[in-house]
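Peer 1: One structure is given below, represented as structure tokens, and several questions about it will come after.
Taken together, the values in this text are just the output of simple stated rules run on the coordinates, not laboratory data. Since this is a predicted model, take the numbers as computed values, not measurements. Glycine gets a Cβ as well: all are built from the backbone with ideal geometry, and neighbour counts include every protein chain shown.
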Amino acid sequence: MKAKFSPLQLLDFKLLESHVEFIVPKDDEFDVKELFHSYSVDIDFGLKEDIGTKEIKLFTFIAINAEEENPLPGYKIVVEGGGTFRIQNPEALEENLKNNLTQFSTLNMMINNLRNIIYQITNLGPMGGYLLPPIDITQLLRDKAGEGDKN
Amino acid sequence: MNKTEEKIKALASENPASKWKEKVAFRKANKATLRQAAKVALRLLDALEEKGWSQARLARELEVTPQQVSKWVKGEGDFKFSTIDKLEKVLGITMHAILAEDEFVTTEEAFEERLKEEIMAYHQRRAQTEEYYKLKNQVSSSKAVMAVSHADGDLIAMAG
């Protein structure tokens, strides 16, 4: 099947920060899968659209098991990335689709890129690669909108 | 013996009239030199086209005969260093880079140009990264950077 390119273009992606710490478990026996599943995941992002260039810049932050107090054993991860996107011929697109590409797809792609980076880094660690679970992007956007309403 | 048979016999004779054997032997023995001469010939033709010059004009500029220039552009030239130097000056080209075979040769201008491109690319990357950091600072402050308008019915791309 021949793939059709999306009007959304990823122009640039930069990893701004990556920090991985390994906390040695006190217990000898534990289920790595279960442990990974119990990690807390914090995600934050900031999006800005340049009216002149029509470019969308998106900063994304992901912290896994990064609580100050009592983090779980294993990996403590913080990654940050920046991406630049552009929609080709936005005038030709419906408003709904344009919003979908601008908000969902951009964030989705950023999280995917960072997921890949997290996996690559942790794959060299004692517990093997940590694969960030699928994230509810809708909820993230809702939370962000709620944050905006409060301010 | 018909004409074709006569021709074949003449070609296969020990001293053929067309001297093709000598020509082949010469090409074999001077393969590398001829290849270099061909490269120079192509570069000369390109330079003449760029400048809009005729072969006769080049001959005048270099104070050589038009026959000599004709030989060069046919790939039959055997160049002295002084001739190469003159060609470079008159046409504003660099021949030593063309002449170097299987060797990475760069001119000072080409090196500077490349360096300039690399510096510009670095500055672009840096500027882009600074933009991301500006966004990061906005995220960590209390003000939300984006105002998300999300319709409840729109549930596309739930997981990512």
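Peer 1: If you only keep lysine pairs separated by 8 or more in sequence, or across chains, how many in segment A:8-144 come under 17 Å at the Cα atoms?
Peer 2: 10
Peer 1: Using the basic label-point model (7 angstrom from Cα toward the beta carbon), what is the B:E61 to B:A97 distance in nanometres?
Peer 2: About 1.8 nm, to one decimal.
Peer 1: Treat every Asp and Glu Cβ in segment B:3-105 as -1 and every Lys and Arg Cβ as +1, leave all other atoms uncharged, and give the resulting dipole magnitude about the Cα centre to the nearest 20 debye.
Peer 2: Dipole of segment B:3-105, to the nearest 20 debye: 420 debye.
Peer 1: Leaving out same-chain residues fewer than 8 places away, which lysines sit with a Cα under 27 Å from that of B:K28?
Peer 2: B:K7, B:K9, B:K19, B:K39, B:K71, B:K74, B:K80
Peer 1: May I pose another question? Just going by the charge dipole of the protein assembly as shown, with Lys and Arg at +1 and Asp and Glu at -1 on Cβ, which of B:T4, B:T94, A:F85 is farthest out on the positive end?
Peer 2: B:T4
Peer 1: If you put +1 on each Lys and Arg Cβ and -1 on each Asp and Glu Cβ, how big is the dipole of segment A:8-144 around its Cα centre, in Debye rounded to 20?
Peer 2: Roughly 540 debye for segment A:8-144.
Peer 1: Given a Förster distance of 51 angstrom, what is the FRET efficiency for B:R125 paired with A:Q139, based on the Cβ-Cβ distance and rounded to 0.05?
Peer 2: 0.95
Peer 1: Which one, A:F59, A:V24, A:V41, is farthest towards the positive end of the dipole of segment A:23-64 when Lys and Arg carry +1 and Asp and Glu -1 on their Cβ?
Peer 2: It is A:F59.
Peer 1: Here is a follow-up. For chain A, find the longest principal axis of its Cα atoms and tell me its angle to the long axis of helix A:137-150, 0 to 90°, nearest 10.
Peer 2: That helix lies at roughly 80 degrees to the long axis.
Peer 1: With each label point set 7 Å from Cα along the Cα-Cβ vector, what nm distance links A:N89 and A:V24?
Peer 2: Those two pseudo-labels are separated by 6.1 nm.
Peer 1: I want to check the label-to-label distance for B:K86 and B:W53. Put each point 7 Å from Cα in the C-beta direction and report it in nm to one decimal.
Peer 2: In this crude label model, B:K86 to B:W53 measures out at 1.1 nm.
Peer 1: In addition: At each listed q (0.09, 0.15, 0.16 Å⁻¹), what is the log10 of I(q)/I(0) that the Debye formula gives for the protein assembly as shown modelled as equal alpha-carbon point scatterers?
Peer 2: -0.71, -1.18, -1.28
Peer 1: For segment B:38-79, which GluC sites (Glu not before Pro) are in a loop by DSSP, counting at most 10 other Cβ atoms within 10 Å?
Peer 2: Of the GluC sites (Glu not before Pro), the ones in loops of segment B:38-79 whose Cβ has at most 10 other Cβ atoms within 10 Å are B:E63.
Peer 1: If you don't mind, another one. How large is the direction-averaged shadow of the alpha-carbon convex hull of chain A, in nm²?
Peer 2: Computing the convex hull of the Cα atoms and averaging its projections yields 12.0 nm².
Peer 1: Determine Rg/Rh for segment A:1-85; Rg is computed over alpha-carbon atoms and Rh is the Kirkwood hydrodynamic estimate from the same atoms.
Peer 2: Ratio of gyration radius to Kirkwood radius for segment A:1-85: 1.16.
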